[in-house]
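What follows is a short report on a single structure.
The values are calculated or read from the model by the stated rules, or taken from the named source; none is laboratory data. These numbers were taken from a predicted model, which means no experiment stands behind them. Please note: Cβ atoms are built from the backbone with ideal geometry, for glycine as well, and neighbour counts cover all protein chains shown.
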Amino acid sequence: MRALIRFGKQPRLRFISHLDLQRFFQRAVNRTGLPIAFTQGFNPHPVMSFSSALALGWTSEYEVIDIKLSAPMGRKRTEDAVRSALPEDLPVLETRMVDDRHPAPMALVRMSDYIVRLGGEDASAIVAQIPAFLDREIVNAVKKTKSGEKEINARPLVLSMEPLDAASFKTRLMLTESQSIKPELLVGLLSDMAAVEAPQIRVHRLSLSGLDADGNPAPLMTL
Amino acid sequence: MSISERIENLLMSVQKPVRYMGGEFNAVMKDPNAVDVRYAFLFPDTYEVGMSHLGMKILYHAINARDDAWCERVFSPWVDMADLMRRDGIPLFSLESRTPIREFDLLGITLQYEMSFTNILEALDLAGIPLRREDRSEGPFVICGGPCAFNPEPLAPFVDLVALGDGEEETQQTIDLYRKWKAAGLPRDEYLRMAAQIPGIYVPSLYDVTYNADGTVASVVPKPGSGAPKVVRRALVKDLDSAVYPERLIVPYGEIVHNRIMLEIFRGCTRGCRFCQAGMIYRPIRERSIERLMRMADSLVASTGYDEISLMSLSSGDYSCLPELAHRMVERFAARRVRISLPSQRIDTVLTDTLKETQKVKKTALTLAPEAGTQRLRDVINKGVTEADLIRSVTDAFEQGWSAVKLYFMLGLPTETDEDVLGIADLAEKVRKCYFSVPRERRAPGLRITVSASVFVPKNDTPFQWAPQLDYETVVHRQQLLKQALSRVKGVDFKYHAPDLSYIEAVFARGDRRLGEALERAWRMGCRFDGWSDQFRYDLWLKAFEESGLDPDFYALRPRPTDEVFPWDHLDCGVTKDYMLREWERALREECTPDCRRGCTGCGMKRYPGACESR
């Protein structure tokens with residue numbers, strides 16, 4: 001049996017790196033008192049995985065951790081135990097128990113929704129470029145990857161984007177292994193279009209989604 | 001913009017922002033309006049170093065157990081953060097609530113090593129608190145404690161109170177007194193005068209220091225009418241079983257130096273190594289019972305989720321029932337995948353059984369500290385171990401599957417000769433032979449021997465407080481001698497450092513009040529994080545001494561006559577000066593003194609009624 005836990009990352013803890021968060025959860029699951037399944041081998045560790053790494057400095061209300069249990073456990077009890085093992089700045093928001101055959105959430109993720117807040121004086125000029133961006137069919141961009149730089153068309157990776165106010169917007173971006181774009185790059189492209197310097201941004205993840213049986217976007221926890 | 005937002009804006013631009021983040025699991029949050037006393041506890045080094053320190057954890061939880069007080073943590077911001085805070089006018093703040101330190105009632109500072117002293121001035125300055133006590137008319141009282149508190153004289157101009165000895169009780173007394181003082185609406189100085197009546201609390205400003213023509217101290221006496229005691233004797237917690245110990249520990253997010261449960265199995269060490277300050281100032285040995293330790297371990301494992309328990313003390317191999325303790329710990333926690341580890345392993349303890357227990361869970365490098373290369377010199381320093389002990393320990397370890405050994409030594413011990421130094425290389429060679437004497441099929445592959453040689457620093461409140469530190473040139477000569485000799489022993493990694501840092505450390509360890517001037521100058525010139533070799537600025541330190549008209553050699557290199565009055569003589573660490581002098585004389589005669597558990601050696605601790613009877 002596995003527990004899928006959706007939790008948030010509040011502003012205070014936005015500087016915990018993904019690696020540190022993984023280490024943190026190894027200790028946190030020990031504190032839950034739940035029957036956690038451990039890997040075999042010389043150096044056993046809890047069987048768990050994260051749906052998607054959150055970049056340093058971002059906040060979120062949709063992080064999903066998948067924890068394997070060695071014995072059946074009720075949803076409410078699991079949620080309470082995990083909540084008691086986390087600080088208040090990592091709030092538990094939703095829990096779902098699934099059986100071992102349920103696909104790993106990481107493999108189901110297709111897209112992510114964000115709120116992006118722009119700093120600096122050029123924010124409104126950048127936000128004003130959103131309709132023009134969406135009107136284009138091709139937006140050339142250079143994406144930095146582990147193996148170097150790559151030319152991509154950024155436009156199809158941006159599924160939706162709408163201004164919230166003069167200095168922020170909401171957007172849904174592709175997030176798969178082969179097709180993804182980060183909010184920083186998107187803001188860089190909008191800034192180029194506005195012919196201004198890219199500002200500092202604050203990113204908040206609203207949700208992670210996959211595709212349901214009919215091929216329509218659906219929140220990860222419902223799949 | 002709130003202070004919190006202004007801090008947030010800096011965190012994107014600094015190394016390791018988690019250092020300043022707070023919000024860890026088990027960090028204590030309280031309503032500031034619901035407490036009477038706000039206590040800031042400063043560890044004057046980085047978060048990673050400070051969060052690894054046991055004393056801070058004990059006092060943090062002891063203070064926070066009170067409903068009327070809230071203790072918050074603060075660490076020295078690394079140089080990048082400190083510079084940005086100055087640029088943006090952000091004052092030093094607490095980790096829990098991000099409150100400016102100058103708004104606290106009490107500021108406790110732990111003095112773990114002399115080379116953190118400039119960080120204290122840096123912290124006060126970043127906090128916006130005037131450095132010198134006489135310039136402060138408001139803001140927190142500054143209270144220092146920890147091992148360096150036994151000679152706080154170089155810090156005397158900057159601190160209000162110094163807490164000597166075990167802090168569990170005296171810290172509470174300073175808080176109780178603060179409440180009383182505040183309720184009575186008394187002037188600031190009155191708190192100091194009243195605090196001088198608390199056992200173990202020293203108030204430097206209530207004492208006058210006079211000097212002889214040769215620069216040595218003539219006397220340190222209480223100011224007339226101050227009511228301060230002539231001699232301040234260290235506070236002692238006699239029974240650790242009933243002493244407070246945290247049931248929850250803060251679990252940091254980033255990696256810190258010691259990221260595990262620290263279980264203090266006993267306090268004090270009575271082996272009497274003559275160089276060792278901890279072996280003097282933490283006497284007598286006070287053990288926790290196995291039952292208490294098991295209960296502590298249970299609650300800490302449950303509340304932290306750590307997978308390692310370190311059995312801490314000055315010499316964990318000396319715990320009276322170590323095999324039973326280790327056995328029960330392993331038995332209780334192995335199923336929960338919690339490792340048990342033993343730091344500061346000594347070479348003359350019966351290791352075998354314990355090693356078997358710990359290796360069931362994990363094998364790390366065996367760390368041994370022979371300290372000196374020849375038996376003669378080991379007798380001088382009263383390191384009551386022989387070469388045969390060492391050989392037996394490492395052979396046992398190799399036979400049980402260890403392949404890494406770390407050997408710690410000191411260079412520049414009193415009476416040391418080149419021959420003693422070459423003895424270190426001989427010892428390393430013998431350890432190597434031990435490994436190859438174990439049949440190949442029984443030993444673990446990949447022998448690694450690390451030899452570390454630090455430079456000896458004579459410390460106050462030790463039998464070697466009369467000894468000069470070895471001069472720079474001779475230290476360098478002996479380091480090179482050893483390096484060459486070790487290059488002929490295969491598979492040895494030799495670690496050593498330039499002696500300049502140890503030299504400044506030696507100046508402050510036995511320094512007097514006049515050094516406060518040099519300390520402040522050095523800090524004004526930019527010295528901070530002196531314990532970090534990449535930050536340490538020897539040139540600035542020498543300049544600071546010169547401009548203060550002080551000769552550092554006077555403090556570090558001068559042999560001190562046995563009738564000299566020391567700047568710290570009015571502070572009684574529990575072990576008497578008479579005893580230390582006897583030990584110094586025995587050292588020069590190369591005579592050993594046995595551990596007092598085999599018979600009282602008259603160190604002075606019996607002056608505390610009942611202190612030596614619990615074991």
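What to note about this one:
- Matching entry among B:307, B:318 (being within 14 Å of another protein chain (Cβ to nearest Cβ) and either crowded, with 19+ Cβ neighbours inside 10 Å or charged (D, E, K, R) (or both)): B:307
- Number of the condition not met by residue B:600 [criteria: (1) surrounded by fewer than 18 Cβ atoms within 10 Å (Cβ to Cβ); (2) out of contact with any Cys (no Cβ under 8 Å at 6 or more places or on another chain)]: (2)
- One residue from B:567, B:559, B:609 being over 24 Å from residue B:282 (Cα atoms) and part of a loop (DSSP other than H, G, I, E, B): B:559
- Between B:420, B:389, the distinction of being more than 30 Å from residue B:569 (Cβ to Cβ) and touching a helix residue (DSSP H, G or I) at 6+ places or on another chain (Cβ under 8 Å) belongs to B:420 only.
- Residues located in the range B:213-243, provided they are in contact with a Pro (Cβ under 7 Å, 6 or more places away or on another chain), in contact (Cβ under 8 Å) with a residue 60 or more places away in the chain and in a loop (DSSP other than H, G, I, E, B): B:230
The rows are residues; the columns are (1) out of contact with any strand residue (DSSP E or B) (no Cβ under 9 Å at 6 or more places or on another chain); (2) of a type outside the set (D, E, K, R); (3) closer than 16 Å to residue B:223 by Cα.
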residue: B:171; (1), (2), (3): no, yes, no
residue: B:182; (1), (2), (3): no, no, no
residue: B:187; (1), (2), (3): yes, yes, no
residue: B:192; (1), (2), (3): no, yes, yes
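- The range B:224-273, residues that are within 14 Å of another protein chain (Cβ to nearest Cβ), closer than 20 Å to residue B:65 by Cα and surrounded by 17 or more Cβ atoms within 10 Å (Cβ to Cβ): B:248, B:249, B:250, B:251, B:261
- Screening the range B:513-550 for residues that are touching a Lys or Arg at 6+ places or on another chain (Cβ under 9 Å) and of a type in the set (Asp, Glu) and picking the one that is surrounded by the fewest Cβ atoms within 10 Å (Cβ to Cβ) gives B:547.
- Given (1) among the small types (Gly, Ala, Ser); (2) touching a residue at least 60 places away in the same chain (Cβ under 8 Å); (3) assigned by TED's automatic domain parsing to the domain that holds residue B:379, number of the condition residue B:453 does not satisfy: (2)
Yes/no per residue for (1) surrounded by fewer than 18 Cβ atoms within 10 Å (Cβ to Cβ); (2) charged (D, E, K, R); (3) modelled with pLDDT of 60 or more; (4) under 23 Å from residue B:289 (Cβ atoms):
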{"position": "B:329", "(1), (2), (3), (4)": "no, no, yes, yes"}
{"position": "B:350", "(1), (2), (3), (4)": "yes, no, no, yes"}
{"position": "B:357", "(1), (2), (3), (4)": "no, yes, no, yes"}
{"position": "B:362", "(1), (2), (3), (4)": "yes, yes, no, no"}
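- Residue in the range B:424-444 that is assigned to a loop (DSSP other than H, G, I, E, B), in contact (Cβ under 8 Å) with a residue 24 or more places away in the chain and either of a type outside the set (Lys, Arg) or crowded, with 24+ Cβ neighbours inside 10 Å (or both) present: yes
- Those helices (runs of 4 or more DSSP H) of the range B:40-97 in which at least 1 residues are touching a residue at least 60 places away in the same chain (Cβ under 8 Å) and closer than 16 Å to residue B:111 by Cβ, considering only elements entirely within it, cover B:47-50, B:54-64.
- Scanning the range B:52-72 for residues that are under 22 Å from residue B:7 (Cα atoms) and either modelled with pLDDT under 95 or in contact with a Ser or Thr (Cβ under 7 Å, 6 or more places away or on another chain) (or both) yields a single hit, B:72.
- Residue-level analysis places residue A:24 among those that are at the interface with chain B (Cβ under 7 Å from one of its Cβ atoms), part of a helix (DSSP H, G or I) and not β-branched (Val, Ile, Thr).
- Residue count for the range B:17-50 under the criterion of being crowded, with 21+ Cβ neighbours inside 10 Å, among the hydrophobic types (A, V, I, L, M, F, W, C), at pLDDT 95 or above and over 18 Å from residue B:3 (Cβ atoms): the result is 2.
- Residue in the range A:114-137 that is aliphatic (A, V, I, L, M) and under 15 Å from the mean Cα position of the chain (by Cα) present: yes
- Unmet requirement for residue A:116, which otherwise passes all of (1) of a type outside the set (S, T, N, Q); (2) surrounded by fewer than 17 Cβ atoms within 10 Å (Cβ to Cβ); (3) more than 14 Å from chain B (Cβ to nearest Cβ): (2)
- Hits in the range A:191-205 - residues which are surrounded by 15 or more Cβ atoms within 10 Å (Cβ to Cβ) and not β-branched (Val, Ile, Thr): A:191, A:192, A:193, A:194, A:198, A:199, A:202, A:204, A:205
- The range A:27-54 - residue that is closer than 20 Å to residue A:88 by Cβ and within 9 Å of chain B (Cβ to nearest Cβ) and, of those, surrounded by the most Cβ atoms within 10 Å (Cβ to Cβ): A:29
- Which listed residue, of B:247, B:153, B:264, is in contact with a strand residue (DSSP E or B) (Cβ under 7 Å, 6 or more places away or on another chain) and of a type in the set (Asp, Glu): B:264
- Residue A:81 being in contact with a Ser or Thr (Cβ under 8 Å, 6 or more places away or on another chain) and not assigned by TED's automatic domain parsing to the domain that holds residue A:185: yes
- Any chance residue B:9 is within 14 Å of chain A (Cβ to nearest Cβ), under 21 Å from residue B:310 (Cα atoms) and either of a type outside the set (Ser, Thr, Tyr) or without any contact (Cβ under 8 Å) to a residue 60 or more places away in the chain (or both): no
- All of (1) surrounded by 16 or more Cβ atoms within 10 Å (Cβ to Cβ); (2) within 14 Å of chain B (Cβ to nearest Cβ); (3) touching a helix residue (DSSP H, G or I) at 6+ places or on another chain (Cβ under 9 Å) hold for residue A:8 with one exception: (3).
- For the range B:12-30, filtered to residues that are of a type in the set (A, V, I, L, M) and at the interface with another protein chain (Cβ under 8 Å from one of its Cβ atoms), the residue that is farthest from residue A:201 (Cα to Cα) is B:27.
- So residue B:297, is it more than 21 Å from residue B:606 (Cβ to Cβ), touching a residue at least 12 places away in the same chain (Cβ under 8 Å) and within 14 Å of chain A (Cβ to nearest Cβ): yes
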